[in-house]
Structures are given as C-alpha cells and as structure tokens.
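In what follows, a structure is listed as structure tokens, so that the remarks can point back to it.
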Amino acid sequence: MKKQKLAVVFAALLTMVGFSSCLNSEDDGITEIVDYAEVSTSSFGSVSFNSMYGWACVPDKSLTTTPESQLAYIAYRYEDADLQSITSGTSDSKNLSVTLLQDPVYLKRLDCSTTTLPEETKTVSIYSLGERDALVWGNNKYLILAPTIFLKKGTTSENLSTELLNHRLTLYYLSAEGDEDANTLKLYLRYEISGIGESSTEETDDKESWASDYNVQYTNVSYVNLQPIISMYKSTHSGSEPEKVTVEYEYNNSASSIPTIAKKQTKTVTYSLYTETSSNN
C-alpha cells in the first residue's frame with residue numbers, strides 16, 4: 001500500500017488528529033493519502049471533498065460529523081485504477097470513490113478585516129507562523145497558515161474549546177497602504193487574548209507577569225479566502241493581479257518564547273501566488 005503526503009508537512013495536524021498510517025508497504029493498487037480539500041455539500045445533504053488537483057473525493061460511507069468550515073484535512077484511501085481513469089480522461093466523471101480513514105478535521109476560518117490595525121498595546125506576540133506548513137490552495141483561492149500560540153496553563157482537550165474563545169487571530173488587509181512592493185498583496189496577522197492588554201496596569205507592567213500563565217503550545221491551522229481580498233487589490237491596482245502575498249506578524253524579540261506585548265517585533269513571510277507561467281512548487 002502506497003502512502004503519500006502532498007504539498008506541505010502536516011505534522012501539526014497529524015498530532016491533533018492522531019492519524020496512524022498503514023504499515024503495509026506492498027504496492028497492491030491502493031493508495032492512502034492525507035490532503036487539504038474543499039468541502040462541498042449537495043442539495044441532498046451529501047458531502048464530498050474537492051481536491052486542488054482536480055478530482056472530487058466522494059466518501060463511500062456517510063459522514064458522522066457535520067462540516068464546520070470550507071476547508072478540511074482528510075485522510076483517505078482509493079483505488080489507483082479509479083484515479084488513473086480520471087487523470088487519463090477515460091472517465092467522464094471527476095468523482096473519486098474514497099474510504100475516509102478518520103473523521104475530517106475542519107480548519108478554522110480566519111476573519112479578514114479592512115479596518116485599521118489594533119493598537120500595539122493590545123496585541124500579543126505569536127510564537128510561530130509555521131512558515132513551512134503554509135500553503136496557497138488551488139488557483140489562489142485559499143491561504144492556509146499554521147500559527148502557534150500559547151494557551152493558558154491547565155488547558156486540556158476537555159476545556160480546549162472554552163479556552164480558545166479567549167484567543168482571537170485576525171488578518172487585516174489595508175488597501176490604502178502596504179502595497180509599496182510591486183505586485184505584492186500585503187496582509188497583517190494580529191493576535192489578541194481576552195483580558196490581556198486592556199488595562200493600564202498590564203500595559204505598563206514591564207515584567208508582564210500574566211505571560212507565565214500561558215505555557216500550553218497550540219498550533220491552530222487556519223485559512224483565509226483569498227478571492228475577495230485579491231478582488232480588492234485589483235480594484236486599486238488597475239485590474240492587475242498580485243504575484244505574491246506577504247503576511248506580517250508579531251513575535252517575541254527577546255530570548256524568551258513566552259507571549260509578550262512589550263517586547264514584540266514584526267516579521268514578514270512571503271508566499272508565491274499561482275500565475276499562468278509559474279507552477280508555485
């Protein structure tokens with residue numbers, strides 16, 4: 001049985017979902033794969049998953065969960081002959097019958113705001129943006145990011161959903177600024193924690209004693225729909241398409257990795273967009 005990993009490293013997600021690969025290494029005409037896919041729900045309520053490579057994964061059994069977003073991380077098995085008939089054009093259908101190896105993991109959708117950035121005294125540093133785990137999905141349709149933050153001490157799988165309500169990651173697109181570089185769409189990722197940075201005491205606390213309460217590392221794989229943002233970019237750039245997208249985020253500039261407000265510094269990461277002449281490999 002062949003196994004593949006497409007496009008990016010899925011280490012964070014594999015940890016989250018506890019996926020365990022089949023150990024059978026024989027080429028028996030069956031392939032197991034892990035992938036990001038777009039969720040599609042029919043008028044009859046059936047769910048399939050559109051691969052960025054052109055086929056639609058149709059589960060051979062009904063899902064036991066309800067889709068929670070437009071993108072999902074799925075692990076599935078398929079017959080090689082079925083995919084070959086699709087890619088070779090011998091099949092009139094793009095539907096690939098698959099067996100899901102676990103319930104889909106639905107990615108968190110990032111909000112994108114066009115308002116001004118929040119005050120620096122209210123935003124908290126991000127531990128890492130997970131640059132190597134990022135992916136421009138499809139024909140510039142989605143940008144997938146893997147930011148790592150710190151949750152409050154004592155957070156477990158049982159209270160995770162409640163704790164996450166206190167953490168907010170937001171992307172900002174400011175069309176009136178930030179596009180100084182030619183053909184570049186610039187986004188800003190900012191992170192806020194409820195109750196942190198909201199009082200004058202915390203803003204002037206050089207020791208930032210609150211930070212020691214946040215020591216549970218958590219990678220929140222998320223996505224943003226690039227299409228409306230690209231449309232806004234084109235409207236202010238005479239219809240021209242951006243060739244790359246950058247994401248600026250704030251990180252802790254000291255030797256410590258704990259979250260901070262006072263010791264932040266910005267870092268910008270660049271991702272190539274798909275064009276007619278580039279493969280974006």
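Rule-based calculations on the coordinates, nothing more; no lab input. Keep in mind that this is a model prediction, so the values were computed, not measured. With ideal geometry, Cβ positions are generated from the backbone for all residues, glycine too; neighbour counts draw on all protein chains shown.
Taking a straight Cα-Cα cut-off under 22 Å and skipping sequence neighbours fewer than 8 places away in the same chain, the lysines within cross-link reach of residue 108 are 5, 141, 152, 186.
For residue 274, the residues whose amide H sits under 5 Å from its own are 140, ignoring neighbours fewer than 5 places away on the same chain, with H placed 1.01 Å from N.
Quick check: net charge around residue 269, other residues with Cβ under 9 Å of its Cβ, Lys/Arg +1 and Asp/Glu -1? Provide the component values of the computation, followed by the final result.
Working: positive: 267; negative: 131, 248.
Net charge around residue 269: -1.
Going highest first, how would you order 258-266, 83-91, 242-250 by mean Cβ packing within 10 Å? Please report the intermediate quantities before stating the final value.
Details: 258-266: 18.0, 83-91: 12.9, 242-250: 19.6.
Top to bottom by mean Cβ count within 10 Å: 242-250, 258-266, 83-91.
As a test of understanding, state the convex hull volume per residue of the stretch 28-182 from its alpha carbons, in Å³. Working shown, then result.
Working: hull volume 30.8 nm³, N = 155.
Residue-normalised Cα hull volume stands at 199 Å³.
What translational diffusion coefficient, in µm²/s and rounded to a whole number, does the Stokes-Einstein relation yield for the stretch 108-272 at 37 °C and a viscosity of 0.692 mPa s, taking the hydrodynamic radius as the Kirkwood radius over Cα pairs?
On the way: Rh = 16.7 Å.
Diffusion coefficient, whole number: 197 µm²/s.
When both bridge partners sit in the stretch 108-272, DSSP labels roughly 75% of those beta bridges antiparallel. Near residue 54, once Lys and Arg are set to +1 and Asp and Glu to -1 for all other residues with Cβ below 15 Å from its Cβ, the sum equals -2.
Residue 69 sits among other residues whose Cβ lies under 13 Å from its own Cβ, and their net charge, with Lys and Arg +1 and Asp and Glu -1, is -1. The 3J(HN,Hα) values that the Karplus relation (6.51, -1.76, 1.60; θ = phi - 60°) gives for the stretch 109-120 are, in residue order, 7, 8, 6, 10, 9, 10, 7, 5, 5, x, 4, 4 Hz. Gly and Pro appear as x.
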